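Report on one structure; see the data block that follows.
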Protein chains: 4
Amino acid sequence: MQDKYAQVKLISKPENMLKTIYTACRTCYSADSPLNIYECDSAQDNEKMLKLISKVVSSGHYSTIEHIQVSFAISNISRACSHQLVRHRHMSFSQKSQRYVKEKGQFDYLTPDTIDANPELKAKFDEFMSKVSEFYLELTQNGIPAEDARSVLPNAASTSMVASLNLRELIHLANLRLCTRAQKEIRILVKRMCDALISEEPWLKDYLVPKCERFGFCDEDKSCGRMPVKGN
Amino acid sequence: MQDKYAQVKLISKPENMLKTIYTACRTCYSADSPLNIYECDSAQDNEKMLKLISKVVSSGHYSTIEHIQVSFAISNISRACSHQLVRHRHMSFSQKSQRYVKEKGQFDYLTPDTIDANPELKAKFDEFMSKVSEFYLELTQNGIPAEDARSVLPNAASTSMVASLNLRELIHLANLRLCTRAQKEIRILVKRMCDALISEEPWLKDYLVPKCERFGFCDEDKSCGRMPVKGN
Amino acid sequence: MQDKYAQVKLISKPENMLKTIYTACRTCYSADSPLNIYECDSAQDNEKMLKLISKVVSSGHYSTIEHIQVSFAISNISRACSHQLVRHRHMSFSQKSQRYVKEKGQFDYLTPDTIDANPELKAKFDEFMSKVSEFYLELTQNGIPAEDARSVLPNAASTSMVASLNLRELIHLANLRLCTRAQKEIRILVKRMCDALISEEPWLKDYLVPKCERFGFCDEDKSCGRMPVKGN
Amino acid sequence: MQDKYAQVKLISKPENMLKTIYTACRTCYSADSPLNIYECDSAQDNEKMLKLISKVVSSGHYSTIEHIQVSFAISNISRACSHQLVRHRHMSFSQKSQRYVKEKGQFDYLTPDTIDANPELKAKFDEFMSKVSEFYLELTQNGIPAEDARSVLPNAASTSMVASLNLRELIHLANLRLCTRAQKEIRILVKRMCDALISEEPWLKDYLVPKCERFGFCDEDKSCGRMPVKGN
C-alpha cells in the first residue's frame, strides 16, 4: 500500500556497473589497458571485483564511482521537499512545471506528520487546501496564466521529477539527508532512493549512511546523540 | 522609490577585476610569467587591457572570465522566482530559511502583474494572503514547528538571499533569463543584477544580453519575433 | 587494423536510454507522474519518443539529456592529449598513474603526423624516445621513485583512462573538439567517442558536431572557412 | 631568495570578504534582509563576525564560504604538478599553452629532490634536459609546429597559470594536497597558496589543514602515522 510519502522508482542504471567501476579502479594502477582489464578474467568474478572496489572506496577515493550514474522517477513529494533536493548541484533534474502544467481540480498536497497527528488542525489543513484550490481555479478561469496563478499554491503542493546523480553524489546526499537534522520528508525520500538501489546493488549498503556513521562523530551544532560530538 | 520587484545590491566583487582577467588571458599565450604580466605596463592601462579582453571573450573563450566572481544581496523576490534561480548549478546561494525563520505577522509576498492589473482579483489576492497568514500563525501557536507550518505558505511569499556567480555563469544566466520566454519576475531580477554590475564595469554591457543577441537567431520553439528563428 | 590513434570502446551506457530521456521531457509538461509516463504506451514506441526528444533538444533544452551518462575505455592517447581532455570539468576520469605504474621497458608513445611525414625527423624522434626510456630506467634502477623518474617522460608518452560524461557534456565536447582549431589527436579521439555512441544511438548524429554546425557561424578568431564568420 | 619550487602570488580577492560571508550566514537564519544585515552594526565589528563565521564553518556548513573566490598567479611548477592541479574540477584555470607559446632556448624545468640529492644523477638530468631542448629546437627549426614539437618536452618542464577557487574548494584542496600522501611539489604549491591567503586572513588557518586534522583520523590505505588510522 502506498503511504503519503515519496514514491520512488529506480528507472535507469548502467549496464555493467561493477565491471565499469572495477575497470576504472584498476586502470589507475595497472600497466594494462582499460579494454584488456574490462575483458580480463577478474572482471567476470563479482567477488574479486567487490573486494577491490571496497578497498578503494573505503579509502575515500570516490572519483572511481563517479562513472556510475542512476536515475529515479520521483512523485508525491512536496514543493518544500523538492526545493531542498534541487539545491544539490551535482544532480540533474527534470521537474513538473507549475508554469506549463495547469491544475484542473484539487491539487495534490502533502500533510506534515505534526499536523496529521492533530485531528482538529488536520481538518482545518484540508479545508484550507480546498480553499486554495478554489481560488487557484478562480484565477485561471479569469484568464490569469498558470505561471501567475501558481502564486497561491502552497509549499505543501505535490510535485514530481526525474532525478539523476552519480554514486559519489548519492553517498554525499545520503551523508547529509539521512542525518536526523534533515527534515523528515526528504529523509524518507533519500532513504527510498538508497533502498531502491541497494535492493539491486547490496554492496552499496555500507556507504549510503548518515555522515556521522562515515566519520565516527557528529559535527552538527545540535546533535541527536547517536554519535559522540566532535571535539568532546 | 522602491517598486514591488527584486531589490538587488552588488555587495562584493574582486579587487583588480580587469587586471586579473587580463593576466589570465595573456598567461595562455605568453612566455612571461603571470606575476610579471600582472605588474607590467600594459596591466596599468585600462584601454589596452579591455581591447585584449574583448577579443578573447568575443571568440567565446569564456574560461578567462571565470576568475571573476561577484556577489549580490537580493531581497523581495517570490519563492517561485528563487526556485527558478537556484536551478543554476554554477551559482552559490545562502537563502533565508523557512525552517529556521518563523513568520511573526503578515508575511511579505509578491503580486504578479496580471493580478495587479485586475482590481477585483487583486483585492481577493490580498485577502487570501491575510487568511494564509492567520492560518500559519494558528499552526505555530498550536505548537506546529515552523518547518511544518510553512506547508501553507504560498509561492508568492517573499524570500531573500546572497547569490554569487562568476562572469561566465552571469553571461549564461543573462542569455537564458533575459529572454522574453523567461518569467517576468526573474527577467527583472537578472536585469537588475546585470545593471548593478554594468554600472561599475560598463565593458560588460555587450555580453549581458539574451541568447538571441549572442547567437543572431532564436532557437526557442515559440519565438517572440525579435530575432529570426533558427533554420528559417 | 589498429592505427596509431586513440583506441576507444563504449563500455557502459544506461539501460533504457530513450525511455529515460522521454520520461524526463514529458515530466516537465505533464500532469501525469513520471512512473506512469515511464510505463505508458508511448514509452514503448521509439519513433514517438524520438520525435519529442528531437523537438526538446533542438530547442536547446539540454537538461533533459543530462540523465544519460556514458563511459568510454580509452587507450593509446598521448599525455598531451589527456591534459587537454581532463580540462573538461563536467567529465569523470580514472587515468593510469605515472606515480604508481612504473615503466619496465620502452614506454609507448605517439608520433605526431607532421613528424611521421618526415622520415629523417621520424628516425631521430624514435631514437630520442629510446634514449628517454634508457634514462628513465637508469633513474628507477638507482632508486629514484617512479613519481620522480617520470619527470623525464615526454608529452608524447601514451596514457589510458576510463572517461564518463553525460550527453549534454558530450555535445559540448563535440562542439569544441571537432572544430578544426582543436589539435588533430583530440579531434580524432572525440570523433571516435561520438562514433562509438552513434553506432548504437544513431539519433544523436545531428548533435555531435562542431560548434559552427550548431550555430550556423564560426566565432573563432581564425576561421577554417567552413562556415561564415560571425558578424561578417 | 627564490627557491626552486612554485612561485605563488595572491592577485585577487573580494573586497569585504568577512562582511560578505557574515551576511550570507545571517541571511539563512534572519528575518532581516541581506542588505540590512550587510549594513548593520555587527557587520562593522570583525570580532563578532568571526565568531559567527567560525561557528557555521566548524559545523561543516561550507556553502556560506563559496561566496568568496580568490585568484593566484602561479609559476615555476612542473607540468606533472599542473596535471594534478587541474584535476580539481571546481577550480578555474588559465594555463600557459605549449601549443601557442614556442620555446626559444633552454626551457625551464624542475628537478625533483630525490634527483637533486644525487650529484651524479643530477648532472645527467641537466644534460638530458639540454639534449631535449636541442631536439625541440631542431624540430621547430625544421617546420614542425610548436603543438607537435612539444611531444618531446618532459613532465619536468615548467608551466605557469592563473588559478581561482572559492574558499570551500580551497579547504578541500588543502585537505587532500597537504596530506603527506600527496607528491611533494603539489604539497608545497598548495601550502604556499594557503599561506598567501592566511597572511591576509589569519582566521582561515584552522581550516587549511590536511584531512586527518579535520577528521581526527587517517582514512588512507597507507598512513604516515600522524593520526590514528580509521577503524583501528
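The values are calculated or read from the model by the stated rules, or taken from the named source; none is laboratory data. Predicted model, so just to flag it, every value in this text is computed and none were measured. Glycine gets a Cβ as well: all are built from the backbone with ideal geometry, and neighbour counts include every protein chain shown.
How about region D:51-106: which of its residues are crowded, with 23+ Cβ neighbours inside 10 Å, at the interface with chain B (Cβ under 7 Å from one of its Cβ atoms) and part of a helix (DSSP H, G or I)?
Scanning region D:51-106 gives a single hit, D:Thr64.
Any chance region C:25-44 includes a residue that's in a helix (DSSP H, G or I), surrounded by fewer than 23 Cβ atoms within 10 Å (Cβ to Cβ) and either in contact (Cβ under 8 Å) with a residue 60 or more places away in the chain or within 18 Å of the chain's Cα centre (by Cα) (or both)?
no
Based on this model, can you work out whether C:Ile198 counts as aliphatic (A, V, I, L, M), out of contact with any strand residue (DSSP E or B) (no Cβ under 7 Å at 6 or more places or on another chain) and crowded, with 22+ Cβ neighbours inside 10 Å?
So C:Ile198 fails the test.
Name, by its number, the condition in (1) surrounded by 15 or more Cβ atoms within 10 Å (Cβ to Cβ); (2) more than 30 Å from A:Ala73 (Cβ to Cβ); (3) more than 12 Å from chain A (Cβ to nearest Cβ) that does not hold for C:Asp126.
All conditions pass for C:Asp126, except number (1).
This table checks each residue for (1) over 10 Å from the mean Cα position of the chain (by Cα); (2) on the phi < 0 side of the Ramachandran plot; (3) surrounded by fewer than 18 Cβ atoms within 10 Å (Cβ to Cβ); (4) within 14 Å of chain C (Cβ to nearest Cβ).
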position	(1), (2), (3), (4)
A:Arg168	yes, yes, no, yes
A:Asn175	yes, yes, no, no
A:Ile186	no, yes, no, no
A:Cys194	no, yes, no, no
A:Gly216	yes, no, yes, no
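Can you tell me which of B:Lys131, B:Lys211, B:Lys191 is touching a Phe, Trp or Tyr at 6+ places or on another chain (Cβ under 9 Å) and of a type in the set (D, E, K, R)?
B:Lys131
When the residues of region B:7-22 are narrowed to those that are of a type in the set (Val, Ile, Thr) and assigned to a strand (DSSP E or B), which ends up nearest to B:Asp195 (Cα to Cα)?
Going through the qualifying residues, I end up with B:Val8.
Out of all the residues in region A:221-228, is one or more surrounded by fewer than 17 Cβ atoms within 10 Å (Cβ to Cβ) and touching an Asp or Glu at 6+ places or on another chain (Cβ under 7 Å)?
No: region A:221-228 contains no residue that is surrounded by fewer than 17 Cβ atoms within 10 Å (Cβ to Cβ) and touching an Asp or Glu at 6+ places or on another chain (Cβ under 7 Å).
Here are some conditions: (1) under 23 Å from C:His172 (Cβ atoms); (2) modelled with pLDDT under 95; (3) more than 7 Å from every other protein chain (Cβ to nearest Cβ); (4) out of contact with any Cys (no Cβ under 9 Å at 6 or more places or on another chain). B:Ile21 meets all but one. Which one does it not meet?
Status for B:Ile21: all satisfied but (2).
Do the conditions hold for B:Ala73, that is, is it within 24 Å of B:Arg214 (Cα to Cα) and either in contact with a Lys or Arg (Cβ under 8 Å, 6 or more places away or on another chain) or free of Cβ contacts under 8 Å to residues at least 60 places away in the same chain (or both)?
No; evaluated as a whole, the condition is false for this residue.
Take the conditions assigned by TED's automatic domain parsing to the domain that holds B:Leu189, of a type outside the set (Lys, Arg) and either over 29 Å from B:Ser199 (Cβ atoms) or under 16 Å from the mean Cα position of the chain (by Cα) (or both) and apply them to B:Asn118. Does it pass?
No.
Conditions (1) in the same structural domain as A:Leu204 (by TED's automatic domain parsing); (2) at pLDDT below 95; (3) not hydroxyl-bearing (Ser, Thr, Tyr), marked per residue:
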position	(1), (2), (3)
A:Pro14	yes, no, yes
A:Leu35	yes, no, yes
A:Val57	yes, yes, yes
A:Cys81	no, no, yes
A:Arg89	no, no, yes
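Checking the conditions here, which among A:Leu197, A:Leu204 is out of contact with any Phe, Trp or Tyr (no Cβ under 9 Å at 6 or more places or on another chain), closer than 30 Å to C:Asn166 by Cβ, hydrophobic (A, V, I, L, M, F, W, C) and in contact (Cβ under 8 Å) with a residue 24 or more places away in the chain?
Matching residue, one of A:Leu197, A:Leu204: A:Leu204.
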